[in-house]
Amino acid sequence: MSDRTDGPDRATDGSRRAGEAPAPSQVDPPEGGEAGEHGGLAAEVRLRRGEFTLELSCGVPPGEVLAVLGPNGAGKSTLLTALTGSVRPEHGRIRLANHTWLDTRRRIDVPTHRRGVGLLAQRAMLFPHLTALDNVAFGMRASGVRTKPARRAALEWLRRTETGDLGDRKPAELSGGQAQRVALARALAADPELLLLDEPLSALDVAAAPAMRGLLHRVLGQQRRPCVLVTHDVLDAVVLADQVLVLDRGAVVERGSTQRVLSRPRTAFTARIAGLNLITGTATGETVRTPRGRALHGSVVEPTTPGEPAAAVFSPKAVAVYPSVPEGSPRNAIPVRVVGMEPLGDVIRLRGETDSYGPEAALAADITPAAVAELGLRIEDEVFFAVKATEVAIHPVSGG
Ligand SMILES: Nc1ncnc2c1ncn2[C@@H]1O[C@H](COP(=O)(O)OP(=O)(O)OP(=O)(O)O)[C@@H](O)[C@H]1O
């Protein structure tokens with residue numbers, strides 16, 4: 001994600017100013033279906049940028065967080081620009097509860113400053129000449145709230161973001177983590193209908209990020225707005241999101257509850273961020289047969305139809321490493337070339353590549369330093385990654 005360019009000359013990061021009602025012509029009677037019915041977000045967009053096309057639909061019920069994940073260039077920022085209104089899709093409809101922000105068929109396109117979007121970007125982008133308190137009060141002041149009540153409300157938001165004692169400080173006197181908390185208070189104080197979190201922790205150092213993640217968890221848990229979180233960090237999705245949507249090349253490749261998507265990945269990208277091994281092929285009973293004719297035996301965790309695309313998923317912890325095919329063992333034995341070794345807590349993560357299983361067969365095994373030493377392992381060694389069938393979960397690839 002790139003930094004947002006919304007400078008401090010824009011009220012509340014492009015949010016609708018507090019108390020400002022949406023334009024009456026864009027207020028629709030409630031309609032059935034999707035998240036919009038419940039006051040949530042319902043969006044479907046098709047947006048071209050040069051050679052790239054983003055085409056998706058998504059919904060977020062009120063109070064829920066949707067994490068958008070995906071490799072670089074997948075279209076995550078583009079989705080946010082469509083939601084904020086800074087780029088107009090060729091086709092689409094975006095609704096928040098009974099407000100239509102975009103309907104290309106009906107020629108409705110509510111401008112950014114009239115959409116109720118609260119944005120927390122990578123960097124806080126506070127007004128440098130204002131105190132933290134006045135930064136938070138700014139949106140309310142700009143929409144006509146008098147100084148005293150605006151400051152009172154701002155102080156309450158600072159308290160909720162655990163920065164109540166920092167109200168008198170200027171941004172230059174705040175740490176990165178403190179400034180980001182104040183920016184969160186500012187985004188929430190604008191009373192947005194939709195909260196967008198654009199890599200909100202990626203610019204924080206390793207000490208500040210976990211604390212801010214914890215704060216976001218508490219604050220998001222208390223509020224009723226739908227929230228879209230773009231992140232590269234799977235931990236953000238695990239801690240903060242109810243639902244996950246994985247984008248690749250402008251399309252949704254996986255979606256569902258965070259727990260389901262990350263425990264049963266369907267794509268190599270999701271498996272990698274979830275820290276799992278994935279081999280894809282076609283289902284044949286309790287086996288996944290790879291395009292190169294290999295079979296991986298496992299346990300079916302979601303019913304598959306013979307011949308349909310299926311994934312075999314297993315944890316690096318379940319892998320044992322052998323210098324040759326383990327004899328007489330009911331294990332899958334996958335020939336790999338060791339391409340990397342790195343410490344991971346008290347184990348060593350071994351990275352292996354195999355040509356025999358398929359294009360995405362980069363696999364990991366977590367073994368003890370003692371085992372690495374005993375095997376005398378070196379990069380480029382040819383070994384076998386062995387995994388018991390009971391440790392391999394088989395599920396269909398379609399239907400995400
Ligand atoms: N203004 C633009 N004009 C043309 N193409 C663009 C423009 N902005 C983005 N793109 C292209 O759109 C695609 C999606 O970009 P986008 O920034 O949405 O991806 P992303 O998932 O946010 O990536 P990252 O994780 O690297 O931030 C890329 O191929 C990018 O080159």
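General observations
- Neighbourhood charge, 15 Å Cβ-Cβ cut-off, centred on PRO323 and excluding it, Lys, Arg +1 and Asp, Glu -1: -2
- For ASN332, net neighbour charge (Lys/Arg +1, Asp/Glu -1) across residues whose Cβ lies under 10 Å away: +2
- Average accessible surface for the chain: 45 Å² per residue, computed with a 1.4 Å probe over protein heavy atoms with every protein chain in place.
- Angle between the chain longest axis and helix 208-222 axis [Cα atoms, degrees, rounded to 10]: 70
- Share of carbon and sulfur in the accessible area of the chain stands at 51%, probe radius 1.4 Å.
- Highest-first arrangement of 46-52, 164-170, 222-228, where packing means the average Cβ count within 10 Å: 222-228, 164-170, 46-52
- Net +/- balance of residues flanking HIS91 in space, Cβ distance below 13 Å, scoring K and R +1, D and E -1: +2
- Computed about its Cα centre, the charge dipole of the range 282-396 is approximately 140 debye, with only Lys, Arg, Asp and Glu carrying charge at their Cβ.
- The range 224-275 and the range 114-182 have their alpha-carbon centroids 30 Å apart.
- Folded to 0 to 90 degrees: helix 132-142 orientation relative to the chain principal axis, Cα: 60
- Protection proxy ranking, peptides 176-187, 254-265, average beta carbon neighbours within 10 Å, highest first: 176-187, 254-265
- Mean ellipticity per residue at 222 nm, deg cm²/dmol - from DSSP H runs of n ≥ 4 across the chain, formula -39500 (n - 2.57): -6500 deg cm²/dmol
- Taking Cα centre as origin and charging only the Cβ of basic (Lys, Arg, +1) and acidic (Asp, Glu, -1) residues, the dipole magnitude of the chain rounds to 1260 debye.
- Peptides 128-140, 84-96, 288-300 ordered by average Cβ neighbours within 10 Å, highest first: 128-140, 84-96, 288-300
- Principal-axis tilt of helix 147-160 within the chain, Cα atoms, nearest 10 degrees: 20
- Each of ALA320, ALA274, ALA211 was placed along the dipole of the chain (beta-carbon charges, centred on the mean Cα), and the one lying farthest toward the positive end is ALA211.
- Cα gyration tensor, the range 11-258 - rounded (a/c under 1.5), prolate or oblate: oblate
- Whole-Å distance, taken between Cα centres, linking the range 383-397 and the range 295-371: 7
The values are calculated or read from the model by the stated rules, or taken from the named source; none is laboratory data. As the structure is a prediction and not an experimental result, all values here were calculated from the model. Note: ideal-geometry Cβ built from the backbone for every residue, glycine included; neighbour counts use all protein chains shown. Side chains are part of the model used for accessible areas, which takes the heavy atoms of the whole protein and leaves out ligands, DNA and RNA. Shrake-Rupley method; radii C 1.70, N 1.55, O 1.52, S 1.80 Å.
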